[in-house]
Ligand SMILES: [Zn+2]
Ligand SMILES: [Zn+2]
């Protein structure tokens, strides 16, 4: 563990915790730059990689291949997110719709390690902006 990275690391963790939604590297960068104006994006990538290796954050892949990072809360519950293709705003699903399907899959003797839900589209306000054009 590199001690000199502790300050950046703490900032990144608190930004992700406060957001309680997946954030892209660019969003993390924009949020941190006011407090640590000299931080490099490569530093953020390095810290994010460490946090991921330590299982403190999870990766979310959305349809344009940009990776978003979510801080893992200390419980077994998980949330699925959908993201607007255009404004990149994220929305969380109220519950996981996969559990029922998982029970069936487990009954088939299949061991599930992970699951993802990918929904693509545009949000209400982006759809409204299209109508105005
Ligand atoms: Zn939108
Ligand atoms: Zn789920």
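All of the numbers you see were taken from the coordinates with simple rules; none came from a lab. All figures in this text were calculated on a predicted structure; none of them were measured in a lab. For neighbour counting, all protein chains shown are included, and Cβ atoms are generated from backbone atoms with ideal geometry for every residue, glycine included.
Descriptive notes on the structure:
- Label-to-label distance, nm, for residues given as residue 53 and residue 14 (7 Å Cα→Cβ offset): 2.5 nm
- Whether the range 9-53 is rounded, prolate or oblate, judged on the alpha carbon gyration tensor where a/c under 1.5 counts as rounded: oblate
- Simple spin-label estimate for residue 108 and residue 127 in nanometres, 7 Å along Cα-Cβ: 3.2 nm
- Shape of the range 62-133, Cα gyration tensor, a/c cut at 1.5: prolate
- Computed over the Cα atoms of the range 3-132, pair by distinct pair, the Kirkwood hydrodynamic radius stands at 16.6 angstrom.
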